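The values are calculated or read from the model by the stated rules, or taken from the named source; none is laboratory data. No experiment lies behind these values; they were computed from the predicted model shown. Glycine gets a Cβ as well: all are built from the backbone with ideal geometry, and neighbour counts include every protein chain shown. To get the accessible areas, we keep the full protein, side chains included, count just its heavy atoms, and leave off ligands, DNA and RNA. Shrake-Rupley method; radii C 1.70, N 1.55, O 1.52, S 1.80 Å.
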Amino acid sequence: MQSQKHLLAIEGMYPPEIGQLLDLAESYALLNRSGKTQRDLLRGRTLINLFFEDSTRTRTSFELAGKRLGADVINMSVSASSVNKGETLLDTATTLNAMQCDLLVVRHDQSGAPALLAQKVDASVINAGDGTHEHPTQALLDALTIRRRRGRLDGLIVAICGDVTHSRVARSNIYLLTTMGCSVRLIGPPTLIPAGIERLGIDVFHDMDKGLHGVDIVMMLRLQRERMTKGLVPSAREYFRFYGLDAARLAKARPDALVMHPGPMNRGVEIDSAVADDPARSLIREQVEMGVAVRMAVLDTLGRRQRRNV
Amino acid sequence: MSDLLIENVRLIDPAAGLDTHGALLVRHGKIADLGGNLGRPDGVETIDGGGAVLCPGLVDMRVALGEPGFEYRETIASAAQAAAAGGITTLAALPDSAPAIDDPALVYLLRSRGEATGSLTILPYAAITRGCRGEEMAELGLLREAGAVAFTDGKRAIASSQLMRRVLSYARAFGGRIVQHPEDPSLAEGGAATEGELATRLGLPGIPLIAEAILVARDIRLARLTGGALHVAHISTAETVELIRRAKEEGLDITCDTAPPYFDLNETALGDYRTYAKLSPPLRPEADRRAIAAALVDGTIDAIASDHQPRDADDKRLPFAQASAGGAGLATLLGVTLAQTHGGRLGLPAAIALLTCRPARLLGAGAGTLSRGAPADLCLFHPDRIWQVVAGKLPGKAQNTPFDGRALEGRVLGTWKAGKRVFA
C-alpha cells in the first residue's frame, strides 16, 4: 500500500510497507498505554464505519482508533438482508461521496465488496473484512502482537488451525506471515482447507498433533455452527476431539508456544477455556489492545497520503 | 428486391469444400450463382468486396434473447442488431425465458418474431421440462411439431438421471437433440469460479472442474443406454473433451459446442473481481483453455456458439458472488474465433465451418451454406482488419462482454439476410 489510497488486502504488500505499519502501530501501542492521546492528526476528517455485517469488536476498535486521532467518527450499520444488496452498495457510495467522507471502513459479507466500493467512492477505503477474502487489519494486529512478544517475525513457525476455507483472517495472515519470513502451517479437516491453498507457500496438516510439533504460535480460527448443518463437519464434539485446542494438545507445540484467536471464540468448540484464559500462554487480550494501535497506524498512514495528494 | 453482385471476394463455403476467389450473384433474394467468373450481368448492383472473405451468414446455436421476460437486458430487435453486426443471420434461442418456451404457441411466436426483424432467423429451442424446472417432461412431440429445433433447459442442467434417461429415450421418436448444460448442480451450487488457487485467493466459492465431466460422463452412458441424441453445450474442460472424443469414437450420437470465452480466456480474466468475466460454466485454468482450442482443430468440437447471455449493469455491478453469470457474445463471435486462425492452428475454412454448416446440420437447418437457390444469407468480413472490443460501444443492448479491451483481427464488413443488406 506504499502509494495506494486504500487498504484492501495484504496480498501484494511488500515487507517494508508491512514493517513500517507495524513500527508506527508499535509507537501508538506505547502511546495508548501511557494514557496520552494524539487528538489532532485527523482533526476535521470524517471516518465512516460502514458495516454490512455485525461486528462489535472490529467496529469499536476502528471507532476508538479514529477518535484517538481526532477524526469525526460515524457508524453506519446496514443489514444486508433487509435491503437489495447491490443497489445499496453503489447507492451508498454516492451518498458517502456527497457527505465528503475521508476514510471509509467497510465490512461486508461478500468477497470483493470493498474493492467494488473503492472504485466508486472518493474516500480511502479500509477493508475491515470482506466475505472469505481478506481482513488486513486483523493480520497486522496479529503480527504486531507476535512481534512484541517474540521480538521478531522472521523464522517463527505459526500454525493456523480450523476453518481456513471460510476464513478471511487466515488468508490475510498467510500472506502477511509468509511475506515476513514466518513458516506457516495450516491445520484442519480436509473439508475446511480450500483447494489450491498449498500454492501459497504453506504446509497443510490434517493431524493436529503432528501439525503442532515445534510450533511457536498457535492461531485458532472460529468455527461457525453453520459448517455443521452444511455437512462440512459432523458435530461440534467430533470437531473438538480432533481440532480443538486444549492444554494436552497445546503441549505438542513448543513449551513456550503462545495462543491466539481473532474472536469471538466458541469455547468448547475450537478452544478450551483453560487455554484461552491462561495469561501465560494466551495473547487474546493483547490482540484486542494491538487492534486499536494497528488501526490508528493505518488511519494515520492513509490520512497522510490523502493530504499529500490533495 | 434488387439483384446484387458481390465481386472480388474470397468465397468460402466449407459445406461445399469451396475456397476460391470470385463473385456471388444474388437474384430475388436467393443465391443465383457463384464462382470464379460470373462476368457483369446487366441491371445488377455491384459491390467490390476488396478481396475480403464472403461466407454463409453465421449460425449461432446458443443465444439467450432476453425476450420474453428480460427485455431490460435485450430485446429481439436489439439482439437482431447485434447479430447482424456480428455476421449472424440465424440463431438458436434458448428457452429459459419468462415464460419458458414450453408451449407450441411460444415456439411459433419466436419464429415469427424472428421473421419480423427482417434480418434474423430465430430457431427456437424448446424446454425439456415444463418451465425449465427440471421436473415434468414438456410436450416434446408437440413442441417439435411446432418447429422446435432441439430441447434444452438452457443454463440449467437436468439433474435427475432418471429424467435425463427418459427424455433422451422419448425424444428419439420426434428427432431433435437433447442439449445439456454440463454441470453437476449439487457440485456447482453457490459456486462463482473454478475451484483452485485463484478462487481461494479471491475468497470465492469454487466449483470443482470435474462438475462438468461428472455430468457429461453420466449423460454419455445414458445416451448409450437409450440410443438418444445428446448435445453437450459450451464445453470447457480438458476432461470433457476426452470423454466426448471417446464417445464419438464409439459411434454414439453425441455432439458438442463451445463458446469463445473458453478457448480465448482463462480464469485469470476474473482479476480484481471483474464480474463481466463471470460466466457459467466459469472460466477455467489455462490447461483447459488449451485443450478446448485443440479440440476445435481436431474436430471433437462440432460448433462454436456465442453463448450470448445479455445482462444489464445492475446485474453485474455487484460483489462478484452475487453478480449474475453470463456474457454478451453476438458481436464478438466471429472476431474471437478468427483469433484461433491467426495462430495458424485452425484453418480459416474449418473455423467458418464451426460457425456455419456444422451447427446448421446439428439443428437440422438448411442455413450455413452457399448453395444455388438458397436464401442469400451472407457474411462479408475482412480477416485481418483490426478493431477493439469496448464494453459500452457494442451494437445491441447488452454490453456485458468478457472481452472488454480485447483487440481483434477480423471485422465484419457486411451482412445480408435473404439478399437484403442488414449490416454495413
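The lysines whose alpha-carbon is closer than 21 Å to the alpha-carbon of B:Lys30, local same-chain residues fewer than 8 away aside, are B:Lys417, B:Lys420.
Here the dipole of the stretch A:174-247 is about 300 debye; that uses its Cα centre as origin and unit charges on the Cβ of Lys and Arg (positive) and Asp and Glu (negative). Summarised as an ellipsoid, the stretch B:308-424 has semi-axes of 28, 17, 15 Å, derived from the eigenvalues of the Cα gyration tensor scaled by 5 and square-rooted, with the largest first. On a C-alpha basis, how far is the centre of the stretch B:56-78 from the centre of the stretch B:139-180 in Å? Whole number, if you could? With the stretch B:56-78 and the stretch B:139-180 each reduced to a Cα centre, they are spaced 21 Å.
For the residues of B:200-211, the average number of beta carbons from a partner chain within 10 Å of their own beta carbon is 6.
Summing Cβ point charges (Lys, Arg +1; Asp, Glu -1) relative to the Cα centre of the stretch B:363-424 gives a dipole of roughly 240 debye.
Per residue, the protein assembly as shown exposes an accessible area of 38 Å² to a 1.4 Å probe, with every protein chain left in place.
Find how many whole Å separate the alpha carbon centroid of the stretch B:276-306 from the alpha carbon centroid of the stretch A:108-176. First find each Cα centre; the distance between them is then 35 Å. Using a cutoff of 8 angstrom between alpha carbon atoms and counting only pairs six or more residues apart, the relative contact order for chain B works out to 20 percent. Per-residue accessible area (protein heavy atoms, 1.4 Å probe) orders A:Lys67, B:Lys316 as A:Lys67, B:Lys316, starting from the largest. Highest mean packing comes first when the peptides B:157-169, A:198-210, B:227-239 are listed by Cβ atoms within 10 Å, giving B:227-239, B:157-169, A:198-210.
The antiparallel fraction among DSSP beta bridges confined to the protein assembly as shown stands at about 35%. Heavy-atom surface analysis with a 1.4 Å probe gives the stretch A:200-310 a carbon and sulfur content of 52 percent of its accessible area. By DSSP, the beta bridges lying fully in chain A are antiparallel in about 5 percent of cases.
Along the charge dipole of the stretch A:246-310, pointing to its positive end and built from +1/-1 on Cβ of Lys, Arg, Asp and Glu, which listed residue (A:Val269, A:Ala248, A:Ala297) has its Cα farthest out? Farthest towards the positive pole: A:Ala297.
Comparing the stretch B:217-360 with the 2.2 N^0.38 Å rule of thumb, its C-alpha radius of gyration ratio is 1.08 (two decimals). Helix A:168-179 versus the longest principal axis of chain A: what is the Cα-based angle in degrees, 0 to 90, to the nearest 10? Once rounded, the angle reads 90 degrees. Across peptide A:116-123, the average count of Cβ atoms from other chains found within 10 Å of a residue's Cβ is 2. The helix-based estimate of mean residue ellipticity at 222 nm for the protein assembly as shown, built from -39,500 (n - 2.57) per DSSP H run of four or more residues and divided by its residue count, is -10000 deg cm²/dmol to the nearest 500. Loop-located GluC sites (Glu not before Pro) in the stretch B:81-188 (DSSP state other than H, G, I, E, B) with a sparse environment of at most 13 neighbouring Cβ atoms within 10 Å: B:Glu135, B:Glu136. Buried area at the A:B interface is about 1600 square angstrom, summed over both chains, from accessible surfaces computed with a 1.4 angstrom probe. Sorted from longest to shortest, the spans of the Cα atoms of the stretch A:156-310 along the three principal axes equal 56, 36, 29 Å.
Comparing the full protein assembly with the isolated chain (1.4 Å probe, heavy atoms, ligands and nucleic acids excluded), the residues of the stretch B:299-330 losing at least 50 square angstrom of accessible area are B:Arg317, B:Pro319, B:Gln322. As a ratio to 2.2 N^0.38 Å, the alpha-carbon radius of gyration for chain A is 0.98. Computed over the Cα atoms of the stretch B:137-247, pair by distinct pair, the Kirkwood hydrodynamic radius stands at 14.8 angstrom. By DSSP, the beta bridges lying fully in chain B are antiparallel in about 50 percent of cases. Residue ranking by accessible heavy-atom surface, 1.4 Å probe, largest first, among A:Arg249, B:Arg345 comes out as B:Arg345, A:Arg249.
Summary of packing: across the peptides A:101-109, B:27-35, A:290-298, the per-residue average of other C-beta atoms within 10 Å ranks them, highest first, as A:290-298, A:101-109, B:27-35. Ordering of B:146-154, B:187-195 by packing is B:146-154, B:187-195, highest average first (other Cβ atoms within 10 Å, averaged per residue). Surface composition of the stretch B:99-235: carbon and sulfur make up 50 percent of the accessible area, probe 1.4 Å. For chain B, the longest principal axis of the alpha carbon atoms and the long axis of helix B:238-249 meet at an angle near 70°. Accessible surface ranking for A:Ile157, B:Ile220, 1.4 angstrom probe, highest first: A:Ile157, B:Ile220.
Remark: the protein assembly as shown is approximated by an ellipsoid whose semi-axes, taken from the C-alpha gyration tensor as √(5λ), come to 57, 29, 22 Å, largest first. Our Cα-only numbers for chain B put the radius of gyration and Dmax at 20.5, 68 Å.
Taking the inverse of the mean reciprocal distance over all distinct Cα pairs, the Kirkwood hydrodynamic radius of the stretch B:254-309 comes to 11.7 Å. Could you please state, rounded to a whole Å, how far the C-alpha centre of the stretch B:340-404 is from the C-alpha centre of the stretch A:248-266? Computed from Cα coordinates, the inter-centre distance equals 62 Å.
Peptide B:271-278 has a mean shielding of 2, counted as Cβ atoms of other protein chains within 10 Å of each residue's Cβ. Helix B:210-226 and the long axis of chain B differ in direction by around 80°, with both axes built from C-alpha atoms. In the stretch B:20-103, if the dipole is taken from +1 on Lys/Arg beta carbons and -1 on Asp/Glu beta carbons about the Cα centre, which of B:Gly43, B:Cys55, B:Ala82 is farthest to the positive end? Comparing the listed Cα positions along the dipole, B:Gly43 ranks first. Dipole magnitude for the stretch B:151-234: about 500 debye, using +1 per Lys or Arg Cβ and -1 per Asp or Glu Cβ, origin at the Cα centre.
In the structure shown, the pairs A:Lys120/A:Lys230; B:Lys248/B:Lys278; B:Lys278/B:Lys397 are assessed against 24 Å; a Cα-Cα span above that value is assigned to A:Lys120/A:Lys230; B:Lys248/B:Lys278. D by Stokes-Einstein for the stretch A:224-266, Kirkwood Rh over Cα pairs, 20 °C, 1.002 mPa s: 178 µm²/s.
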